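Participant: Could you have a look at this structure, given as structure tokens, before my questions?
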Amino acid sequence: GKEVAERNIELQLHTFNFGYRKIESHWEGASNSSVYQARKFARKELEGVDCYWNGHWGKVWIQTYPFHMFMVYDDPSKGCTEGVDPIWKDEDVLSFTKLQVSKGVSRKRNLRTLLRAMSVSKST
């Protein structure tokens with residue numbers, strides 16, 4: 001009855017506010033030079049390639065508006081919600097992009113690419 005209707009309105013308001021916060025975050029990040037550059041780098045260099053996050057490898061998919069990255073893990077049993085971690089907070093975007101250019105992750109990414117290329121060349 002009345003409790004269900006009130007809860008429904010409460011959930012709708014929460015959903016609206018959550019979406020609004022993400023849109024607000026999008027524009028705040030766009031006006032911050034370091035966040036803007038990190039987002040641009042992620043879109044140009046990281047989408048669809050091997051990335052490392054929360055101790056696991058996968059690929060990142062990017063939604064440009066409002067800006068979100070989704071880390072899709074190679075092994076879905078690892079990581080977060082059904083093998084996907086959303087990354088949308090500015091501090092997480094900065095941490096993610098910084099990690100991807102670190103020496104250790106870059107070396108491992110190059111090795112993964114080489115092994116994948118060798119695997120493909122054997123099968124053809």
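The values are calculated or read from the model by the stated rules, or taken from the named source; none is laboratory data. Quick caveat: nothing in here was measured; it's all calculated off a predicted structure. Here the Cβ positions follow ideal geometry from the backbone for every residue, glycine too, while neighbour counts run over all protein chains shown. In case anyone asks, the SASA skips ligands and DNA or RNA and just uses the protein heavy atoms, side chains included. Shrake-Rupley method; radii C 1.70, N 1.55, O 1.52, S 1.80 Å.
Participant: Counting Lys and Arg as +1 and Asp and Glu as -1, each charge on the Cβ, what is the dipole of the chain about the Cα centre in debye, to the nearest 20?
Facilitator: 780
Participant: Using a 10 angstrom cutoff on alpha carbons, build the Gaussian network for the chain and name the most mobile of Tyr73, Tyr36, Tyr65.
Facilitator: For the chain, modelled as a Gaussian network with Cα springs under 10 Å, the answer is Tyr65.
Participant: Run the accessible area of the chain with a 1.4 Å probe and give the carbon-and-sulfur part as a rounded percent. It would help to have the intermediate numbers written out before the result.
Facilitator: Numbers: 4880 of 8420 Å².
Carbon and sulfur together cover 58 percent of it.
Participant: Follow-up. Principal axis extents for the chain, Cα atoms only, whole Å, descending order, please.
Facilitator: Dimensions of the chain along the principal axes of its Cα atoms: 65, 37, 24 Å.
Participant: Enter the accessible area of Ile9 (Å², nearest 10), with the probe set to 1.4 Å and all protein chains included.
Facilitator: The value for Ile9 is about 110 Å².
Participant: What does the accessible area per residue of the chain come to in Å², with a 1.4 Å probe and no ligands, DNA or RNA counted?
Facilitator: Working: 8420 Å² over 124 residues.
Per residue, the chain has 68 Å² of solvent-accessible surface.
Participant: Would you please classify the overall shape of region 50-112 from the alpha carbon gyration tensor, given that a ≥ b ≥ c denote the square roots of the eigenvalues, rounded means a/c under 1.5, and beyond that prolate means a/b larger than b/c while oblate covers the rest?
Facilitator: Details: a/c = 1.96, a/b = 1.20, b/c = 1.64.
Judged from the Cα gyration tensor, region 50-112 comes out oblate (a/c at least 1.5, b/c at or above a/b).
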